[in-house]
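Structure first, commentary second.
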């Protein structure tokens, strides 16, 4: 056993341990929190990359906590998808952490610095854990860690609206939690195990067996509702626009960029790891059901986004639409479609992360939130706005940005189903892309081509370097991974194949 | 033809269902934020009961091996109870957070009525 | 023989990098900025010229970035004769446009941005021409839409924004439809390579018609074909004149080029003949010719009239290509080259009129020929070529298209020979009065341009116009030679003869 074989637990422990160290050190000196978090997230990122490499070379890694073999011990199972998610999570958290240094100093009261970083690390630990765990109840626990810390982070500014948004998020999130807990109970009654691999074997023998299969369906329904709330899948998205627009922008980036994707991850785990693909695709068409819901989410989310006047709220509704793209891809349950969905997790994380960070930079510099007031910013903050434009183009799916590649895969996946509903789905994808263009082009037109009201608006006043660097890295990523999409695809493709069993 | 034996034999599950629905009802219908949250707690409690009753074995004893034990002793399944301990901890932290949020909301808005809050937002 | 060479990439990157450098330089010196962008276009031109001998010897040049894009669809370039010569003319027109805009733009705002996006558009157009597969082609095709959008809305007036909005969103929508078609092709045959003369051979059924329709929607939008021309007459005139020239002269040709690649490389002549769509496509081309000419006659704004004239000329190109005969395709190609030169020249002239005399309206042009002789001479030559007067190059194009129609031998096709004649007449109706008015009528009583002294436009604007006019005459006279040397082999290759 070399240290490398402990990587699955290392990626979870780094952020969690940092979460415990941060308040202690922060109590002594607040300035130490940020470097500490950046260093530990960097380590988590490197560990995730190493983990991905070892998954790619050695296949799926099963790590037994304390040496107890499953199904009795708790197992961490890192497949391609889990390793992929770890990279996305640690990467975006790292960007948010770098960004936070200057952003938080202005946005939050000094006394909240240490709690902010503690909660951020707890949330990251929860997300990492949910990605690598192979145990259903363990997943529930990690989900609670990330959910509760995210409720608190939404409210951390202490603004009136933020607290209310956080409460709304908490109530719906708690319902989601309860539902998943009931789902777990059903599965436990049926099988007596909580290990995902073990569950899928035992459940396979119950498909279509009298009353058990009904119980199975109820369990599946509870999971679907519970995790759809966490993933903000339409029509259970109502908490998202408030929570994501009211949180500090660095947190909005993490929430919109990856937290809801972890909900999608849980849905994927339930659909394809616990239940078998042939059951959810053919016996009862759950996947096609969630695809329809996702298609509606794309259209409705985009339409709502068009009608927004607040920039961050618009971005939040755009997330509702894009979680639709991801779930649609997953629900298609075809090689291309699921690859596209998984790929879009990464592409959307980069683009939406960048957009929220840019929105934060705008608020940081000018205090503006209203889309119509953004005139003249193209000259005022040229780099930030260039990054915003690139990320927005990636959201629309304009080549050569990364969003185009995921659109390509999703479209192929929809057509690959070969049914009439596939044509409807591709219609939704293309229409969604066009609607996305409408609201992002409105912002871009305002930024660059609209006469500003005041002359001082066009004085050059760029975002501070510490905040600009993560923004530029993410925008650069949108282009680089659009031109070289094989880098994320090298994990996303085997991940989809493994999940679908093809 | 209603099988009363079946219904009565599963009285614990009926209690769980009723509690769950009461909780859900309170969460949806009640306007007061605290009552909403109490609904959530009732719902959570019903789930805890569900877990504990499913782990119970008729005539079983606590799974503590005393005096060397014996092969004829029936133990209840300890795992659901262990799981639910974790879930209770989770529920408590959620409750703590929610109550602190409620206090802040009351300080900021002066009301806990959800309709009024929507107007004030 | 296939030669691996990075020359196409250099041709693509030099305007891209040059544009970015020029943008930065523009903050210090305007002259330096324009010089850099001209040099970038010249470098691109020279690099394309350097590929000519290789291509004329019957080779193709290829270059792939193997690690880009999706495994079977890398961003790759292949240069054959047709893209090469089109690229040659386009980059040449771009040099002229860059020279022209130096003085023209000095009265407008955001000149650095204009310069940058002109260069980016050139880069994207060259990328479209040299793309090896439909995937790479689509990437550059979409980039062109966005970069040219910035050119369209340059003025930032409400009208410009409205025209730009129409252009952008219709472009995006049709682009998505085309994207759908590309996905269908890829799922049907598993490749998007443009080098195989009909990759869809072997596919049967209605799906072929769906693919044809969806792909053509994207290409014909960019080409401004009727009925997808609705953006063209508002977007082209509203842009600054150098941009109008490249939009109408070049970006529209990009659409025509993609259309020809779709017809001849994705479908192939044989498949299209079995699909029996030729007559319908010819009909569509005929409608575009007729409609464009009819609308052009009604216009009073010179640039709008020129834009409608573009709609009609694109109809010629489409009609020639849709005849599916070698001579028809030859006519379409000559028309592409001709229209590129002539329409750029006409828009340059229109720009000169705006720059010097502030004239946008045709009725104000009375007597302007005496004051701006060079401009109006160039205008006359280009207009005569548009009408199709021999020996100008426009005549050669129409001649080939008529021959192609006769070659196709279908009654409908012959009927369109007549349409061609009719449209030439219509062209004459809207161009000849302007010329007569400009040269032979006294100054109008309104006297809008009394203060214009008879010294014509600055040299840097006159030279590009004159070069284009000379080009129109020279290519017209030499059209027989050029078509044997350049066009004929290309056509034969595309027809698979």
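Read-outs: derived from the displayed coordinates by stated rules, not from any lab. Remember, it's a predicted structure, so these values are computed and weren't measured experimentally. So basically every Cβ, Gly included, is an ideal-geometry build from the backbone, and we count neighbours across all protein chains shown.
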Taking A:58, C:261 and counting other C-beta atoms within 10 Å, the order from fewest to most = A:58, C:261
Rounded to 10°, Cα long-axis angle of helix C:411-440 versus longest principal axis of chain C = 20
FRET efficiency, residue C:24 to residue A:366 (Cβ-Cβ, R0 35 Å, nearest 0.05) = 0.90
According to the Cα gyration tensor, what semi-axes, each the square root of 5 times an eigenvalue, does the equivalent ellipsoid of chain A have, listed from largest to smallest in whole Å?
-> 35, 27, 20
Once every DSSP H run of n ≥ 4 in chain C is given -39500 (n - 2.57) and the sum is divided by its residues, what mean residue ellipticity at 222 nm do you get, rounded to the nearest 500 deg cm²/dmol?
-> -24000 deg cm²/dmol
Ordering of A:163-176, C:426-439, A:89-102, B:36-49 by burial proxy (mean other Cβ atoms within 10 Å per residue, highest first) = A:89-102, A:163-176, B:36-49, C:426-439
Taking the alpha-carbon set of the range C:82-141, what are its Rg and Dmax in Å?
-> 13.5, 42
With label points built 7 Å along Cα→Cβ from the Cα atoms of residue A:68 and residue A:215, find their separation and express it in nm.
-> 2.3
How many partner chain Cβ atoms sit within 10 Å of a residue's Cβ in peptide A:172-183, on average, as a whole number?
-> 5
Förster radius 56 Å - calculated FRET efficiency between residue A:423 and residue B:29, Cβ distance, rounded to 0.05 = 0.85
Roughly how many nanometres apart are two label points built 7 Å out from the Cα toward the Cβ at residue C:279 and residue C:294?
-> 2.2
For a label point 7 angstrom out from the Cα of residue A:111 toward its Cβ, which stretches of the range A:149-177 have the backbone nitrogen within less than 13 Å?
-> A:158
How large is the helix-only mean residue ellipticity at 222 nm for chain B, computed as the sum of -39500 (n - 2.57) over DSSP H runs with n ≥ 4, divided by its residue count, in deg cm²/dmol to the nearest 500?
-> -24000 deg cm²/dmol
Volume per residue that the Cα convex hull of the protein assembly as shown spans, once the total is divided by residue count, Å³ | 197
Please determine, in degrees from 0 to 90 and to the nearest 10, the orientation of helix C:302-322 with respect to the longest principal axis defined by the Cα atoms of chain C, where the helix direction is its Cα long axis.
-> 20
When C:274, C:490 are ordered from fewest to most other Cβ atoms inside 10 Å of their Cβ, what list results?
-> C:274, C:490
Just grab the label-to-label distance for residue C:488 and residue A:442, each label 7 Å out from Cα along the Cβ direction, in nm (one decimal).
-> 5.9
Chain B pair-distance distribution - Cα-Cα, 5 Å bins, rounded % = 2, 10, 13, 15, 14, 12, 10, 8, 6, 5, 3, 1, 1, 0
Rg/Rh for the range A:277-353, where both radii come from Cα atoms and Rh is the Kirkwood radius = 1.06
DSSP-defined beta bridges in the range C:2-495 - what % are antiparallel, rounded to 5 | 75
Compute the FRET efficiency between residue B:45 and residue A:453 as 1/(1 + (r/R0)^6), taking r as their Cβ-Cβ distance and R0 = 60 Å, and round to the nearest 0.05.
-> 0.60
Nearest 10 degrees, 0 to 90: helix A:311-332 Cα axis against chain A principal axis | 30
Let me have the relative contact order for chain A, percent, based on Cα pairs under 8 Å that are six or more residues apart.
-> 15
What percent do you get for the relative contact order of chain C when only Cα pairs under 8 Å and 6+ apart count?
-> 13
Take the range C:2-495, drop everything but the C-alpha atoms, weight them equally and run the Debye formula without solvent; then report log10 I(q)/I(0) at 0.07, 0.08, 0.13 Å⁻¹ to two decimals.
-> -0.33, -0.44, -1.22
Return C:215, A:76 ranked ascending by Cβ neighbour count within 10 Å, so the fewest neighbours appear first.
-> A:76, C:215
